[in-house]
Amino acid sequence: MKKEDLPVVIEIMKKEYPKWHAPIVKLIAQKRKDPLSALLCALLSTRTKDETTAEVCKRFLQRVSKPEDILRIDLEELEKLIYPVGFYRNKARQLKILAKQLIEEFGGNVPSNLEDLLKLKGVGRKVANIVLSEGFGKPAIAVDTHVHRISNRWGLVKTKTPEETERALMEILPVEYWRDFNRLLVAFGQTICKPVKPKCHECPVRNWCNYVLKYEANG
């Protein structure tokens with residue numbers, strides 16, 4: 001796949017996206033409520049399936065609308081509230097620290113820039129970019145395992161880490177597609193372009209994929 005192919009490929013994927021019924025769809029709905037929701041859901045989603053995270057976030061956000069709400073919840077109760085996300089006990093403790101940090105350092109607000117977001121407990125580049133994109137509507141490319149894998153599988157980039165993939169994509173992907181890229185590729189990776197045994201015969205963009213072209217060339 002070449003840089004010039006991206007507009008066509010992305011428009012095709014936008015049209016196909018509703019057909020995939022991917023787990024990320026419900027989670028995106030929770031993230032887009034406000035910056036705090038985007039931050040909390042992104043943190044809870046690490047090492048957890050999207051369908052599980054979506055249900056937990058829906059329940060969690062009924063109790064939490066500001067950082068102070070987290071501090072008022074007893075730690076043991078907080079653990080039960082976010083169960084069964086992965087590492088829920090560690091995440092409950094992280095949420096307590098995060099809430100205090102937001103109040104003391106940012107006036108109870110979620111920061112709207114990458115530098116400050118990365119200062120928050122448990123926040124790496126992927127989570128920070130999700131908050132910028134889903135919470136603030138800013139152009140940002142959140143690179144998770146799906147985005148990293150598929151971008152390399154397509155032949156769009158040749159990178160070894162998500163950080164390298166983010167930098168490479170920022171150079172070749174038009175800014176107007178940055179916000180959609182994670183949503184589209186995660187849904188695509190969950191349903192079609194899976195890590196093992198991808199459904200290439202069902203792929204709507206197979207004609208541009210290096211993986212498919214190499215497979216067909218080798219018989």
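Bear in mind that the values in this text are calculations on the coordinates, not laboratory data. Predicted, not measured: the structure shown is a model, and the values here were computed from it. Backbone-built Cβ (ideal geometry, glycine too); neighbour counts: all protein chains shown.
Quick notes on this one:
- Look at the alpha carbon pairs under 8 Å that are at least 6 residues apart: their mean separation over the length of the chain gives a relative contact order of 25 percent.
- The mean sequence distance of close C-alpha pairs (under 8 Å, at least 6 residues apart), as a share of the length of the range 25-135, puts its relative contact order at 34 percent.
- Listed residues Lys126, Lys14, Lys197, most fluctuating in the chain (Gaussian network, C-alpha, under 10 Å): Lys197
- For the chain, the Cβ-based charge dipole about the Cα centre amounts to some 540 debye (Lys, Arg positive; Asp, Glu negative; other atoms uncharged).
- For percent of Cα pairs over 21 Å apart, computed directly from the structure shown, the correct entry in (i) 59; (ii) 64; (iii) 55 is (iii).
- Pairs exceeding 26 Å between alpha-carbon atoms, taken from Lys96/Lys160; Lys33/Lys138; Lys80/Lys197; Lys15/Lys121; Lys14/Lys96; Lys19/Lys197: Lys96/Lys160; Lys80/Lys197; Lys15/Lys121; Lys14/Lys96.
- When only alpha carbons are used to place a centre, the range 60-79 and the range 117-149 end up 23 Å from one another.
- Helix-only [θ]222 nm of the chain, DSSP H runs n ≥ 4, -39500 (n - 2.57) each, per residue, nearest 500: -17500 deg cm²/dmol
- Charge dipole of the range 25-135 about the Cα centre (unit charges at C-beta), most positive-ward option of Asn90, Leu39, Gln101: Asn90
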